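Trainee: Structure incoming, see below.
Just so you know, all these numbers are worked out from the coordinates, no wet-lab data involved. The shown structure was predicted, so the numbers you read here are calculated from the model rather than taken from an experiment. Using ideal geometry, Cβ is built from the backbone for each residue, glycine included, and neighbour counts are taken over all protein chains shown.
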Amino acid sequence: MAVADGLAPDDQRAESPSTEIGVGDRLRALLARPISEAELDENTAVVATSPRRREATARALLVVRLGGERLGFDVRFARRVVSVAQPHRVPHRDHNGFAGIANVDGELVLAVRLERLFDLERSNAETALRRHVVLGDEGQGWAIEVDRVEGVRRFEASRLLTPPATVGRALESMTEALADTGDGEPLVSVLATDRVRRALERCIA
């Protein structure tokens with residue numbers, strides 16, 4: 001039998017009890033620590049909620065960066081993320097937010113400048129990081145160009161924050177909640193799908 005660290009098997013067995021005692025002491029100290037009422041209530045609520053129910057109440061959002069803002073689209077509305085496709089202008093369509101028609105992997109979609117609809121200023125993000133996000137249903141999609149795609153994040157519905165009731169940029173009117181990703185980054189504006197859809201449809205009305 002191989003000898004580890006210069007100890008014979010008998011020597012290794014001799015050290016096991018002291019090691020186990022040390023681990024046991026630490027576990028007992030951890031379990032004996034006082035628990036606040038708030039922590040106890042929170043832990044009780046988590047245990048009482050089944051995993052299936054927690055999964056059902058979680059919101060899955062595609063989080064993107066646009067003009068210094070973090071935006072969250074419901075994953076059922078944000079259908080695809082693709083490389084940026086150059087839009088082609090459509091005659092007699094002069095809406096400030098309408099960029100034209102884009103060919104996205106063989107699918108013709110309406111290209112919209114979301115930063116203009118939301119009154120945002122585009123950041124100087126690297127062009128290589130920019131992507132088109134295709135919103136809406138197949139056959140009636142919109143392509144929006146974003147500065148960066150962070151990915152899909154899941155948020156418990158109970159932890160979403162109510163946005164302040166302020167009159168400001170158009171983005172506020174499109175936001176139904178705020179989400180904290182817990183990483184020190186700005187809050188994510190959770191966009192209301194129906195409001196965003198109506199704003200996109202107005203571009204071509």
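Trainee: Ranked by Cβ crowding within 10 angstrom, fewest neighbours first, how are Val82, Val190 ordered?
Mentor: With the sparsest Cβ surroundings first, the list reads Val82, Val190.
Trainee: Next up: Mind jotting down the distance between the C-alpha centroids of the stretch 132-205 and the stretch 64-81, whole Å?
Mentor: 6 Å
Trainee: Let me ask something additional. Would you calculate the convex hull of the Cα atoms in the stretch 95-168 and tell me its volume per residue in Å³?
Mentor: 158 Å³
Trainee: May I ask what percent, to the nearest 5, of DSSP beta bridges between residues of the stretch 60-202 are antiparallel?
Mentor: Antiparallel: roughly 85 percent of the beta bridges in the stretch 60-202.
Trainee: Considering only the other residues whose Cβ falls under 10 Å of the Cβ of Pro163, what net charge follows from Lys and Arg at +1 and Asp and Glu at -1?
Mentor: -2
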